[in-house]
Amino acid sequence: GGAVPATISLSALPSSLSVNGLSSIEAIVMDSGGNSVAGVPVTFSITSGTGSVSPTTVNTDANGIAKTTYIAASTPASVRVSAVSGAASNYVNITVIQPSEGSIVFVSADPKEIAVAGENKATTSII
């Protein structure tokens, strides 16, 4: 096929994730006529923020789709992932958030006494 990449449609799912999380990045490469372009390399990169993408270069499939995975770093960040194929390029923004502290919430405890393991003895703690 002599189709030349003209546009890239880029999406991230999810586009907001917790630190150390993963997001699926999908690029759809189309020619100037709006037809998908198969078998062309798409190069993904982090152009702003932290984290990484793997793999960095992916050939489009029969539907013009190339996928990679964004791996968030351990700190919150605003991230921009770019995709380039030939003269076509686009980017998608991803927000990496810190999960709220104490995300384990006890609404109620039943029974009220919870055994606490100690040295050779069991003690109870009243909540």
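Residue check: is Thr57 over 13 Å from the mean Cα position of the chain (by Cα), open to solvent by 30 Å² or more (accessible area, probe 1.4 Å) and either at pLDDT below 95 or under 20 Å from Ile94 (Cα atoms) (or both)? Yes: the conditions hold for Thr57. Among residues that are at pLDDT below 95, loosely packed, with under 10 Cβ neighbours inside 10 Å and hydrophobic (A, V, I, L, M, F, W, C), Ile126 is included.
Pairs meeting the criteria (first residue in the range 22-46 and without any contact (Cβ under 8 Å) to a residue 40 or more places away in the chain, second residue assigned to a loop (DSSP other than H, G, I, E, B) and surrounded by 19 or more Cβ atoms within 10 Å (Cβ to Cβ), beta carbons under 6 Å, at least 6 apart or on different chains) are Ile28/Gly64; Asp31/Val37; Ser36/Gly64; Ala38/Thr60; Ala38/Gly64.
Conditions tested, residue by residue: (1) within 21 Å of Gly21 (Cα to Cα); (2) among the small types (Gly, Ala, Ser).
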position	(1), (2)
Gly49	yes, yes
Ser54	yes, yes
Tyr70	yes, no
Val81	yes, no
Val84	no, no
Ala87	no, yes
Tyr91	yes, no
Ile94	yes, no
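Gly64 meets the conditions (1) surrounded by 15 or more Cβ atoms within 10 Å (Cβ to Cβ); (2) on the phi < 0 side of the Ramachandran plot in every case but one. The failed one is (2). Evaluating Ala3 against the criteria (1) part of a strand (DSSP E or B); (2) open to solvent by less than 50 Å² (accessible area, probe 1.4 Å) leaves one unmet condition, (1).
The values are calculated or read from the model by the stated rules, or taken from the named source; none is laboratory data. Given the structure is predicted, the values throughout are model-derived calculations rather than measurements. Every residue, glycine as well, gets a Cβ built from its backbone with ideal geometry; the counts of neighbours run over all protein chains shown. Surface areas here come from the heavy atoms of the whole protein model, side chains and all, with no ligands, DNA or RNA. Shrake-Rupley method; radii C 1.70, N 1.55, O 1.52, S 1.80 Å.
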